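A.B. asks: So that we are looking at the same thing, I have put the structure below in structure tokens.
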Amino acid sequence: MKRVVSVLSLLALVTALLAVVGSAGASHQVGSPVKGSFKFCDDPTFPPMESKTTSGKPIGFDIDLAGAIGKLWRVKATFVSTAFPGLLPALAAHKCHMVISGIFVTPDRTAKFPAVSYMRTHRALIVQGGNPKHIASPNDLAGKNVAVQTGTKYEQYLKDLNDQFKSAGKPQMNLSGYPGDTDAIAQLLIGRADAVLTQDTEGAYQKTQHPGKLAIAYLFPETDTFGIYYRKSDTKLGKALRSAIATLKKNGTLKKLAAKQQIPAGDVK
């Protein structure tokens, strides 16, 4: 009888130890740096990365990505609508824990806020279907009406290009900025713009939304990288984000989210 009791006690002890180890392993796997929920700032004007339904619900790759991170951490991802120029200032003001909003990883930004990369993509010049202005490269934008989203690196690139046109004695483009990328595309559709500088993801999406009315005139050979920004002081959060993105790539989640938005799988490898 004593032997039976001893064996049962030993089994109970082993079971308890396995439970502790399993619990520790699960905690390590989740690796949540926040309790209950995290807020992410996003400007929903850049489909298929982010946009809103007619009822105002945020949708898109970045929205799904935030949800996937929340699921991995077993916490809720809370959307905080923020205009693009105010994304990083909002992060600095602690209005959100991170920025997930189709925003490039650039030296000037990472000097102030660290970033975790999750997608590579190409810039693209979008024109009207049939390319009536015969735009085949950035140099062909001289003297043209060009629309772009305000506060983006696209806008800064075009401003720098305009300076180059001026120095070379070429006519400058008539550059107009708009609150959202979709607003810029709208100017192209009604003929007020000859071209829009945006991303290949946005270009592909808009082509499906307006069959035959839009075309990609030029795809830049260089790649840009989208990243999740966080505050320098949040080292635990940064470490958890890097781990989360690595896990979501490895288990195929990012690939599935990309396929859902018709984004090339190679962009999220």
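The values are calculated or read from the model by the stated rules, or taken from the named source; none is laboratory data. Fair warning: this is a prediction, and the values are worked out from it, not measured in the lab. Neighbour counts are summed over all protein chains in view; Cβ atoms, including those assigned to glycine, are modelled from backbone coordinates with ideal geometry. Keep in mind that these areas ignore ligands, DNA and RNA; they rest on the heavy atoms of the full protein, side chains included. Shrake-Rupley method; radii C 1.70, N 1.55, O 1.52, S 1.80 Å.
A.B. asks: Just to check your reading of the model, which residue among GLY177, GLY203, GLY169 is within 19 Å of the chain's Cα centre (by Cα) and either within 22 Å of VAL105 (Cβ to Cβ) or small (Gly, Ala, Ser) (or both)? Reasoning before the result, please.
C.D. replies: Values: GLY177 fails: within 19 Å of the chain's Cα centre (by Cα); GLY169 fails: within 19 Å of the chain's Cα centre (by Cα).
Of the residues listed, the single one that is within 19 Å of the chain's Cα centre (by Cα) and either within 22 Å of VAL105 (Cβ to Cβ) or small (Gly, Ala, Ser) (or both) is GLY203.
A.B. asks: Taking into account only those residues within the stretch 215-236 that are under 16 Å from ILE135 (Cβ atoms) and in contact with a Gly (Cβ under 6 Å, 6 or more places away or on another chain), which is surrounded by the fewest Cβ atoms within 10 Å (Cβ to Cβ)?
C.D. replies: Looking only at the stretch 215-236, we keep the residues that are under 16 Å from ILE135 (Cβ atoms), and these are 215-220.
After this cut, where a residue has to be in contact with a Gly (Cβ under 6 Å, 6 or more places away or on another chain) as well, the list is 215-216.
Numbers: ALA215: 15, ILE216: 17.
This residue is ALA215.
A.B. asks: Yes or no: the stretch 174-197 includes at least one residue that is under 15 Å from HIS122 (Cα atoms) and either modelled with pLDDT under 95 or surrounded by 16 or more Cβ atoms within 10 Å (Cβ to Cβ) (or both). Walk me through it before giving the result.
C.D. replies: Residues of the stretch 174-197 under 15 Å from HIS122 (Cα atoms): 196-197.
When the remaining residues are screened for being either modelled with pLDDT under 95 or surrounded by 16 or more Cβ atoms within 10 Å (Cβ to Cβ) (or both), the result is 196-197.
Yes, some residue in the stretch 174-197 is under 15 Å from HIS122 (Cα atoms) and either modelled with pLDDT under 95 or surrounded by 16 or more Cβ atoms within 10 Å (Cβ to Cβ) (or both).
A.B. asks: Please list, ordered by first then second residue, the pairs with beta carbon atoms under 8 Å, 6 or more apart or interchain, first in the stretch 124-138 and assigned to a loop (DSSP other than H, G, I, E, B), second of a type in the set (Asp, Glu) and open to solvent by 10 Å² or more (accessible area, probe 1.4 Å).
C.D. replies: Close Cβ pairs (under 8 Å, with a partner that is of a type in the set (Asp, Glu) and open to solvent by 10 Å² or more (accessible area, probe 1.4 Å)) amount to LYS133/ASP140; LYS133/ASP194; HIS134/ASP140; ILE135/ASP194.
A.B. asks: Then there is this: For the stretch 94-139, give me each residue that is among the hydrophobic types (A, V, I, L, M, F, W, C) and touching a Pro at 6+ places or on another chain (Cβ under 8 Å). I'd like the intermediate steps shown before the answer.
C.D. replies: Restricting attention to the stretch 94-139, the residues satisfying the condition of being among the hydrophobic types (A, V, I, L, M, F, W, C) are 96, 98-100, 103-105, 111, 113, 115-116, 119, 124-127, 135-136.
Once the filter is applied, which keeps residues that are among the hydrophobic types (A, V, I, L, M, F, W, C) and touching a Pro at 6+ places or on another chain (Cβ under 8 Å), the stretch 94-139 yields only LEU125.
A.B. asks: Filter the stretch 63-86 down to the residues that are open to solvent by less than 30 Å² (accessible area, probe 1.4 Å) and in contact (Cβ under 8 Å) with a residue 60 or more places away in the chain and list them by number.
C.D. replies: Within the stretch 63-86, LEU65, ALA68, ILE69, TRP73, PHE84 qualify.
A.B. asks: Among the candidates THR253, THR201, THR247, single out the residue that is polar (S, T, N, Q), open to solvent by less than 30 Å² (accessible area, probe 1.4 Å) and in contact (Cβ under 8 Å) with a residue 60 or more places away in the chain. Before the answer, list the steps.
C.D. replies: Numbers: THR253 fails: open to solvent by less than 30 Å² (accessible area, probe 1.4 Å); THR247 fails: open to solvent by less than 30 Å² (accessible area, probe 1.4 Å).
Answer to the selection: THR201.
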